[in-house]
Structures are given as C-alpha cells and as structure tokens.
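The values are calculated or read from the model by the stated rules, or taken from the named source; none is laboratory data. Remember, it's a predicted structure, so these values are computed and weren't measured experimentally. Heads up, the Cβs are rebuilt from the backbone with ideal geometry, glycines too, and the neighbour counts pull from every protein chain shown. Heavy atoms of the whole protein, side chains included, go into the accessibility calculation; ligands, DNA and RNA do not. Shrake-Rupley method; radii C 1.70, N 1.55, O 1.52, S 1.80 Å.
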Amino acid sequence: MGVKLNIYKTDTEVLASLAKYFADLAKKYIAANDRFTVALSGGSSPKKLHELLASEYRDTIDWDKVYFFFGDERDVPLTDSQSNYLMAKQTLFDPLEIDPSHVFAVQTNLGAEEAAKAYTLNLINFFDGHNACFDLVILGLGDNSHTASLFPHTSVLTDESASIQALYIDEVKMNRITFTAPLINNAHHIAFLVYGAGKAEAVKHILEDNKNIQEYPAQLIKGNDLQWFLDEPAAGKLEK
Ligand SMILES: O=C1O[C@H](COP(=O)(O)O)[C@@H](O)[C@H](O)[C@H]1O
C-alpha cells in the first residue's frame with residue numbers, strides 16, 4: 001500500500017478524521033487481538049486530538065484494551081512541561097482514567113541512555129521477545145522536517161536497527177530518546193498529523209523533493225499503510 005494523503009480545509013476536520021481513524025483501528029485490533037497498541041507523538045499538535053478522543057470517543061472505544069507508548073521523549077522529568085508523557089497524561093490518560101499499567105512512559109529519571117535501554121526491554125517484554133510491531137504510530141512533523149526525535153544531520157538517521165536510541169540533539173540543546181525509523185516502519189499503520197501553514201515547506205520537502213534524509217528525516221518513514229492527515233495550509237506548497 002502506498003502513501004495516502006487526507007487533506008481537509010481546517011485543522012478541526014483533520015483532527016476529526018484522525019480521531020475516527022484511531023477509533024476504527026482500535027475497534028479492529030481489539031476485536032482481532034483483544035488489544036490495541038499505539039505509539040503517541042509529542043509536541044503540541046496532538047493535544048487537540050487527545051482531547052477529542054477523550055470526549056467524543058470516551059464511550060465508543062474499549063480504552064481498557066488500549067496500550068500507550070511514546071515514539072519519542074525529551075530527556076526531562078515526567079513532571080516537566082516539556083515532557084511528551086505529561087502532555088498525554090493531562091490531555092488523554094487522566095481524562096479517560098487510563099490504567100497507569102497500560103501506559104509505557106520513557107523512564108527519563110534513569111538518564112537518557114539507561115532510559116533508552118529500559119524502554120527497549122519494555123518493548124521486548126511487551127511483544128514477547130518479538131520485534132515490536134505497533135498497531136498504530138502517530139507522528140508529528142517539525143517545521144525543520146524532523147519527526148519523532150529524528151532530527152536533521154543526526155547519527156540516528158542511518159541506524160538500521162528497529163530500536164530506541166538516546167542522543168544529544170544540538171538543535172534543541174537537549175538529549176532525546178527516540179524510535180528509529182525502522183522501528184516506526186514496523187508498524188501496521190502510521191499516521192502523520194500535520195496542520196498549519198508553518199509546516200507547508202516541510203511537507204513539500206518530505207512528499208515531493210528528491211530523497212535527502214539528512215535534510216528531511218521524515219522521508220525515512222515508509223510503511224504498509226502510511227497516511228497523512230493534513231489541513232490545506234500545511235498542504236499548501238504541494239503540487240496541485
Ligand atoms: O519535538 C517534537 O516535535 C514533533 C513535532 O511537534 P509539533 O508540536 O510541531 O507537532 C513531535 O512530533 C515530537 O513528538 C516532539 O518530541
């Protein structure tokens with residue numbers, strides 16, 4: 001299956017479409033496997049998605065069968081305002097009263113390197129020693145074309161292992177812990193959530209420019225079912 005672009009006039013419509021996609025996949029995988037595994041993205045874009053899921057889909061998804069992971073995390077305490085975990089806790093887990101044992105936070109209290117190792121072990125245990133294969137990975141896109149914490153001109157971009165790596169990112173002056181592209185690409189379904197004109201240049205680089213993964217890391221993301229959920233401003237520089 002190729003890349004599917006879902007382009008809507010407004011971010012509200014984008015979020016509604018992705019929330020429904022999330023719900024449809026959750027129902028499908030819970031019916032098939034009695035669980036739905038999802039790796040969340042961080043930053044600010046997903047906040048409204050989480051709030052929508054926690055309100056409109058509170059009663060239509062069997063949330064007790066959903067298991068949450070993080071595609072990347074900042075090397076900060078989980079109580080820090082920059083923490084991707086804290087954002088998800090406040091906008092999704094707390095409103096839905098998610099069982100904390102179903103949420104796999106990156107244990108940043110261990111320090112970045114040890115946290116990456118511990119997270120890798122968590123995945124090995126959760127997936128019974130098999131390669132981690134998430135039902136859904138949700139990704140954002142930075143205006144510099146990074147996704148997860150796969151930033152331009154970093155060593156992790158050429159890592160061919162499906163793993164979790166810790167590295168210092170000079171661009172943001174902090175350590176990050178991130179899925180590698182092969183780990184993301186193992187997923188059954190991958191959804192980019194990108195809205196706002198500020199992302200238009202990056203979207204064009206990723207979807208239409210020649211391959212240059214060092215400049216445009218999100219070009220590394222491939223998958224059986226890779227879907228983009230975009231508003232028109234974010235898609236505004238794509239060839240019509
Ligand atoms: O640093 C990060 O940025 C990206 C994009 O965030 P957004 O708020 O511009 O959507 C995010 O996907 C990633 O998880 C986060 O750590």
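Let's see how each residue does on (1) touching a Leu at 6+ places or on another chain (Cβ under 8 Å); (2) hydroxyl-bearing (Ser, Thr, Tyr); (3) closer than 25 Å to Gly236 by Cα:
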residue: Lys4; (1), (2), (3): yes, no, yes
residue: Lys9; (1), (2), (3): no, no, yes
residue: Leu25; (1), (2), (3): yes, no, no
residue: Val38; (1), (2), (3): yes, no, no
residue: Ser41; (1), (2), (3): yes, yes, yes
residue: Ala54; (1), (2), (3): yes, no, no
residue: Ile61; (1), (2), (3): yes, no, no
residue: Phe70; (1), (2), (3): yes, no, no
residue: Asp75; (1), (2), (3): no, no, no
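Okay, residues lined up against (1) under 18 Å from the mean Cα position of the chain (by Cα); (2) within 15 Å of the ligand (Cβ to nearest atom); (3) within 17 Å of Leu220 (Cα to Cα):
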site	(1), (2), (3)
Ala105	yes, yes, no
Ala112	no, yes, no
Ala116	yes, yes, no
Leu123	yes, no, no
Ala132	yes, no, no
Val137	yes, yes, yes
Asp143	yes, yes, yes
Thr147	yes, yes, yes
Pro152	yes, yes, yes
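Given the criterion among the acidic types (Asp, Glu) and open to solvent by less than 30 Å² (accessible area, probe 1.4 Å), identify the matching residue among Asp143, Asp170, Asp231, Asp159. Working first, answer last.
Working: Asp143 fails: open to solvent by less than 30 Å² (accessible area, probe 1.4 Å); Asp170 fails: open to solvent by less than 30 Å² (accessible area, probe 1.4 Å); Asp159 fails: open to solvent by less than 30 Å² (accessible area, probe 1.4 Å).
From the options Asp143, Asp170, Asp231, Asp159, the qualifying one is Asp231.
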Could you check, for the range 70-85, whether at least one of its residues is under 29 Å from Lys20 (Cα atoms), among the hydrophobic types (A, V, I, L, M, F, W, C) and surrounded by 17 or more Cβ atoms within 10 Å (Cβ to Cβ)? yes
Any chance the range 155-164 includes a residue that's within 11 Å of the ligand (Cβ to nearest atom) and out of contact with any His (no Cβ under 8 Å at 6 or more places or on another chain)? no
Residue by residue through the range 180-195, note down the ones that are within 19 Å of Ser163 (Cα to Cα), open to solvent by 10 Å² or more (accessible area, probe 1.4 Å) and in contact with a strand residue (DSSP E or B) (Cβ under 6 Å, 6 or more places away or on another chain). His189
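I'm trying to understand the selection: among the residues of the range 161-206, which are in a loop (DSSP other than H, G, I, E, B) and touching a residue at least 12 places away in the same chain (Cβ under 8 Å)?
Our first condition is that a residue be in a loop (DSSP other than H, G, I, E, B); within the range 161-206, this holds for 161-163, 170-173, 180, 186-188, 195-196.
Listed by number, the residues that qualify are Ser161, Ala162, Ser163, Glu171, Val172, Thr180, Asn186, Ala187, His188, Tyr195, Gly196.
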